[in-house]
Every structure is written in structure tokens, then in C-alpha cells.
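Notes follow the structure.
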Amino acid sequence: MSESLRKSYKYKLKPTPEQERTLELVLWRCRTLYNTALEQRITAWERRRVSVSRYQQEAELKDLRADFPEYAAIHSHVLQDVLARLDKTYQAFFRRLADGEKPGFPRFQGANRYHSFTYKEYGNGARLDNSYLVLSKIGRLAVRWSRPVEGMPKTVTVSQEADGWYVMFSCADVPAQPLLPTGHETGIDVGLKVFLITAEGDAVENPRHYRRGEKKLAKAQRRVSRRKKGSHRRRKAVGHLQRAHQTVQRQRQDFHHKTALHLLREHDTIYLEDLRVANMVRNPHLAKSISDAGWAAFRTILEAKAACAGRRVVAVPPAYTTQDCSGCGTRIPKSLSMRTHVCTSCGLVLDRDENAARNIQWAGQALRGLAGIPAGMNRESVGL
Ligand SMILES: [Zn+2]
């Protein structure tokens, strides 16, 4: 089975001051186009009850480029991608509406909320040449190559972050680097107190710097709101806030990567619960720890890394994983505050989350048609 692996590679750009001004202009115009296209959709709906499609809007790009030279100066794929993003936001909005949720209506993008533009086809408007990134109508940009790009670049995204400009290549056909089989499997569960716990009872703690970083973030946020709009001091505070955001985000990503790598080195298959994190976040008891943990983000990283390493991540539907006894299957109802599983039927006493992680492993193995093997004994090969 050889699947085509996709992976993204991100590098810092070293634009000249002039290139930087051009990049800012492109970003600004993309944002303007996004907001204009959104307004067009809203107006068409309000006045005539008609929906404007992405393709209708795309067809109008030609006129736009003919009438406004500043848009003619932007590669057509970049503009098409702006409309595609808007369309995606709309689709997501209607999908969530159909699911009975209460999504926020697609909103206008302020200067701080529109950060990037994309060339949807590598080689068409954006390509590499002699280790420079060549963007049509922008120029040759120097790149800080922190690691090699692997596979075939498919799309190129240029983004502005708190500390400068970055380029991201989304690549296909990235060669897999399979790890040697270990013969071990495990289930993992979101811990309330810890980041996760495995079926063997190994806990991964939430890193302390989350809290510290968040305190800094809150402080930076307050500073921004205290300062007068439009003032120089406020702009400075906003810059500070953006850097604080970036730090927290990077620390989190780094923690997720390390945790995923550690799990994948030791297990051929990892079972986890298919949580609707959004729903859990609404539960106030769980809110802090779940959103902190960024469980969904972690799962994405775990799955991507697993694909590259030839490992397996299996999601199982959540069903009584906390309540059931992992030893005998008896349902032992527990309130959220009960930290320990005590089985009145077989006498098993276990940490609440560890019991859940074991149940997740059984459920996953059953899904795959493997006999559930009690986690305590699962130190040997499961075959497959
Ligand atoms: Zn039991």
C-alpha cells in the first residue's frame, strides 16, 4: 500500500524592504477583494434573494483586472484563491447551520485577520530557482532554508506573522520514513488533569509554559484595550500581543510534535476517541483543559506523523469509555469529580482516565477485528 503523503514545509523569508512593501500591498488587496466579494454575496441575498457562486465571482475577476491595474498586477491564481477561501467559509457556515449548530456568519476580515495569500499551483506564479523563491510580479525572495523540502510542491502560501514573512510549501508524494514495528499498541485518552494518558497508565503532563504564556497573553491583551485607538502606543502594544500569540502557538506545536513522536516510536497502532471537541468545549467543566490541550490540533499532527512513519492511528466512536469497566465490561456510572474507577463487579481499581484509555484500545481493536487484549498484557505483538 503506497499512499501519497502530503506534508507542509514552512520557511522564513528574507524580503528586501521594497519586496516587503509589495507583499503588504498584495495582502491588503487580497483582503479588500475578500471583503468586497463577501459584500457582493450579502447584497445579492438581501436585495434579490439570490446566491452568488464562487464561479460567478471568478468570472468577474477578468473585468476587475481590466478596470483596476492594481489587480492586474496580482497573479490570477492568487485572486482565485481569495474567492475560494470565501466560498469555503460559506460552505462551512451552511454545513454547520444544517447540522443544527449556531455558527457565526462569515465576517469581514480586518487587517489583523487576513494574513496570507496562496498560489494554488506550484510553478504557476511561484517557483523555486537557485534556492530563491520567485513570485511573479513580486520578485526573487531570499529564503532561510532550515530543512530540505521533500516531495513535490503543490501549493505555495506566503504569510505575514508577528516577526516577519514566511513561505509554506504544501507537498505531495513525500517519501515515507517507516519506523520499525514494535509489536505494541495503546489507547490514549484526554486527561482532565494531564494532557493525555495511555492504556498503560503513562501520563503526559500539560507543559507549564502554557499557563505562563497565557498569562502574558492576557496581559498583552489588556494593554492593547487600555490604549487609545489609532495611537502609536496602541500599535506597539498590538505588535507585542501578536508576538505573544505566536510564542504560545509555537510552544504548543512543539509540544504536540514531541508528544506525537514519542507515542509513535513506541507503538504500531494508537487508538483514540473520535471526540467532537467543539461540543466538549461547551461543557464548562471540561472547557479549560480541552481547549488548552488543543486536542484536535494534536490529533492532526499525530495522524500526519503516523502516516509518514508507517504507523496507524484509529479513531473509535466515543461510547461509555469512562463509565465501563475495562476489566469486565460492567457499567459503573461516575460523576465528573470521581477520579478513580472502582468496579463493584470484578474489583478493578484504576485511575479514571487510564480505565478510559484501556476501553478506547479495546474498542479500537474490536473495530479492526482483533480480539481485545487487556492492556496490562499488551506488551507482546498483536500481529498485523
Ligand atoms: Zn470490572
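The values are calculated or read from the model by the stated rules, or taken from the named source; none is laboratory data. Just so it is clear, the structure is predicted and the values come from calculations on it, not from any experiment. Positions of Cβ are backbone-derived with ideal geometry, glycine not excepted, and every protein chain shown enters the neighbour counts. Surface areas here come from the heavy atoms of the whole protein model, side chains and all, with no ligands, DNA or RNA. Shrake-Rupley method; radii C 1.70, N 1.55, O 1.52, S 1.80 Å.
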Next item on the list: Tell me the strands (runs of 3 or more DSSP E) entirely within segment 287-365 that contain at least 1 residues that are within 11 Å of the ligand (Cβ to nearest atom), farther than 15 Å from V190 by Cβ and in contact (Cβ under 8 Å) with a residue 12 or more places away in the chain.
Entry: 340-342, 349-351
Margin query: Can you tell me which condition V156 does not meet? The list is (1) in contact with a Lys or Arg (Cβ under 7 Å, 6 or more places away or on another chain); (2) surrounded by 17 or more Cβ atoms within 10 Å (Cβ to Cβ), and all the others hold.
Written below: (1)
Checklist line | First in segment 153-174 and part of a loop (DSSP other than H, G, I, E, B), second anywhere and open to solvent by 40 Å² or more (accessible area, probe 1.4 Å) and among the acidic types (D, E), Cβ under 7 Å, 6 or more apart | finding: V174/E150
Item checked: Criterion violated by E161 - all others in (1) open to solvent by 60 Å² or more (accessible area, probe 1.4 Å); (2) over 30 Å from C325 (Cα atoms); (3) acidic (D, E) satisfied -> (1)
Margin query: Give me the residue from segment 1-59 that is open to solvent by less than 80 Å² (accessible area, probe 1.4 Å) and basic (K, R) and, out of that set, farthest from A142 (Cα to Cα).
Written below: R41
Notebook entry, point to check: In this structure, is G100 without any contact (Cβ under 8 Å) to a residue 40 or more places away in the chain and open to solvent by 60 Å² or more (accessible area, probe 1.4 Å)?
Noted result: yes
Margin query: The conditions are (1) over 29 Å from T22 (Cα atoms); (2) modelled with pLDDT of 90 or more; (3) not hydrophobic (A, V, I, L, M, F, W, C), and Y122 fails exactly one of them. Which is it?
Written below: (1)
Checklist line | Unique residue being under 17 Å from D163 (Cα atoms) and either at pLDDT 90 or above or part of a helix (DSSP H, G or I) (or both) when the list is A218, A237 | finding: A237
Item checked: So Q56, is it of a type outside the set (G, A, S) and in contact (Cβ under 8 Å) with a residue 12 or more places away in the chain -> no
Notebook entry, point to check: When residues of segment 134-165 are filtered for being over 25 Å from R113 (Cα atoms) and hydrophobic (A, V, I, L, M, F, W, C), how many remain?
Noted result: 5
